[in-house]
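So the structure is just underneath, and the comments pick up after that.
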Amino acid sequence: MRASVLSDWLAQRLDRGNGQPIYRQLHRLLQQAILSRELPAGTKVPSSRLLAAELGIARNTVTQVFEQLVLEGYVTSATGRGTFVAESAPDEIVGSFDAALEQTSFAPAATSAEPALSVRGARLIAGAGVSKRQGGAFMPGVPDVSRFPARVWSRLHTKYWRRPRPDLLTYAPGGGLALLRHVLADYLHTARSVRCTPGQIIITTGIHQSVDLAVRLLSDPGDLIWTEDPCYWGVRSVLHVSGLQSRPIPVDDEGINPSPADLAAPPKLMLVTPSHQYPLGMVMSLARRRMLLEYARQNQCWIIEDDYDSEYRYGSRPLASLQGLDTAGQVIYVGSFGKTLFPGLRVGYIVVPEALAESFATASAELYREGQLLQQAVLAEFIAEGHFTSHIRKMRTLYGQRRQTLLDAAAQRYGSAFSAVGGDAGLHLVMQLPDGTDDRAVAAAALKRNIVVRALSGYYAEPANAPSGLLLGYACVPDDEIVPAFNTLADAVDETLSQLA
Ligand SMILES: Cc1ncc(COP(=O)(O)O)c(C=O)c1O
């Protein structure tokens, strides 16, 4: 968030009617903005005079809050120069956050309607990226659920429900249904070159839960994890809330690109999207894959491979997984049926090295008390009867056509001035905007016209210094809506760019 929009952001959240003193609300909101890096280190905060005037509150209140934030180390203040967000990483501040809150001179007992969240809870909510909208043009990451072969699915369900087996209606044994693990092992071997036995597969509710499980079992709070910069906000939140110290590592054309300084401090875990970098779309080169695997072997770190949508490539064949190249057992492979079947199914899988399989299966049952075995039986038969691969084949053709329709609409409107990345695979592309454009303002303008796009900068650790762009998901947009929706979006883009100029 740029400092210039801070007062709007605060004004939307300050609530005079909720019974909490304004200084307490302001204090907490500023803490949240800094902890979530919405206000990055070094940002100059507007003066107390300006902020007070823009928020319509007493200047004394703002001054008191600034003084408290200085005491707690969130901001620094230099006479004559102003107030700046402290350079220390939020993670370092978090350790002293509880103590600082207790010492705060204005810590009246919470009487508000909203109970106080924990530090990590507040960080999670402040940085949340989840949207209430889950469809429509151009929602990224959502497949066309209307094309799902419901009749086949319903036939299989009916078959199992006609004579329900008691063992399918109880809790799952750790790891999920054996039949599903068998058919998945075959599929993953053929389609993704994953090398595993059925016993190495644990069925989960999706990639979010798989990453949560891996993080809980393989790291402790405070351990270092590398994430790609940019990366998927959902998984980043899972890591943050686990208390991991994450280091965003830039990506280049070959994927994650750690510097010599990064390499000198090996992480416990790293999270990568080698088949299709999210959200920029590049494929990790073979040289980079070999380098990462060798580094992980030498430094005993785990690589979590997020293979969330590799089935959709338009032109080239999907690349083999990183897991298939791993000879030292350092890779944890995670995948999902969310993009290939439908997101609401909530079925995914995690493939772990043999030596970890029993612990992962036990932990999964212990933590999540799994069930849904009847649904897993339906899914296993759906795959075994060939409906899964045939559905993917049809959807790949459909999404490839929609992608082309979108590119044609963009070329029609902007000619060679339109530039996009990541469009040759997956369910979205990234439309690039001129450097320095506030892409969140563009996304907000589009939303007013009922078009959902996500701002690229929001996927970076430091949005204020990130490239500007928009993620456009085309998979869930009906063919005849793509061109009018793109033109509506383009109107919003052009109008915002002219206002910002
Ligand atoms: C890179 C990436 N990983 C994981 C997910 C979510 O996976 P799941 O729905 O299985 O939790 C997404 C969803 O868009 C994603 O983009």
I'd like to check something: does the stretch 287-302 contain any residue that is open to solvent by less than 10 Å² (accessible area, probe 1.4 Å), within 16 Å of the ligand (Cβ to nearest atom), farther than 18 Å from H428 by Cβ and part of a helix (DSSP H, G or I)? no
Log entry, pairs with first residue in the stretch 155-183 being closer than 22 Å to H387 by Cβ, second being open to solvent by 80 Å² or more (accessible area, probe 1.4 Å) and not in a helix (DSSP H, G or I), beta carbons closer than 9 Å, six or more apart or on different chains, reads L156/E385; G176/Q372; L177/Q372
Counting just the residues of the stretch 246-261 that are in a strand (DSSP E or B) and not acidic (D, E), which one comes out modelled with the lowest pLDDT? S246
Restricting to the stretch 126-151, and then to whatever is of a type in the set (K, R) and touching a helix residue (DSSP H, G or I) at 6+ places or on another chain (Cβ under 9 Å), can you tell me which residue is modelled with the lowest pLDDT? R133
In the stretch 170-186, residues that are surrounded by 12 or more Cβ atoms within 10 Å (Cβ to Cβ) and over 13 Å from E381 (Cβ atoms) total 9
Any chance the stretch 262-274 includes a residue that's open to solvent by less than 10 Å² (accessible area, probe 1.4 Å), at pLDDT 95 or above, among the polar types (S, T, N, Q) and within 16 Å of the ligand (Cβ to nearest atom)? no
Scan the stretch 188-208 residue by residue and report those that are within 16 Å of the ligand (Cβ to nearest atom) and either open to solvent by less than 30 Å² (accessible area, probe 1.4 Å) or of a type in the set (V, I, T) (or both). L188, R192, I201, I202, I203, T204, T205, G206, I207
Hey, can you tell me all the residues within the stretch 309-348 that are closer than 18 Å to T389 by Cβ, near the ligand (Cβ under 9 Å from one of its atoms) and out of contact with any Phe, Trp or Tyr (no Cβ under 7 Å at 6 or more places or on another chain)? D309, F337, G338
Which condition number does P250 fail, the rest of (1) touching a Gly at 6+ places or on another chain (Cβ under 6 Å); (2) open to solvent by 20 Å² or more (accessible area, probe 1.4 Å) being met? (1)
Whether any residue in the stretch 416-423 is open to solvent by less than 40 Å² (accessible area, probe 1.4 Å), over 24 Å from I203 (Cβ atoms) and of a type in the set (S, T, Y) is what I want to check. no
Read through the list (1) hydrophobic (A, V, I, L, M, F, W, C); (2) within 16 Å of the ligand (Cβ to nearest atom); (3) open to solvent by less than 30 Å² (accessible area, probe 1.4 Å); (4) not in a helix (DSSP H, G or I), then give the number of the only condition that V130 fails. (3)
When (1) in contact with a Gly (Cβ under 9 Å, 6 or more places away or on another chain); (2) farther than 29 Å from R317 by Cα; (3) at pLDDT below 95 are applied to D223, the one that fails is (3)
Matching residues in the stretch 47-69 (open to solvent by less than 20 Å² (accessible area, probe 1.4 Å) and not in a helix (DSSP H, G or I)) number 0
Being at positive phi and either small (G, A, S) or part of a helix (DSSP H, G or I) (or both) is the filter here, so list the residues in the stretch 12-43 that pass it. G19, G42
Tell me, yes or no, whether the stretch 451-474 has at least one residue that is part of a helix (DSSP H, G or I) and surrounded by fewer than 15 Cβ atoms within 10 Å (Cβ to Cβ). yes
Identify all residues within the stretch 349-376 that are surrounded by fewer than 17 Cβ atoms within 10 Å (Cβ to Cβ) and within 14 Å of the ligand (Cβ to nearest atom); write none if there are none. Y368
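The values are calculated or read from the model by the stated rules, or taken from the named source; none is laboratory data. Computed from a predicted model, the values in this text were never measured in an experiment. All Cβ positions, glycine included, derive from the backbone under ideal geometry; neighbour counts span all protein chains shown. Accessible surface is based on the protein model in full, side chains and every heavy atom, while ligands, DNA and RNA are left aside. Shrake-Rupley method; radii C 1.70, N 1.55, O 1.52, S 1.80 Å.
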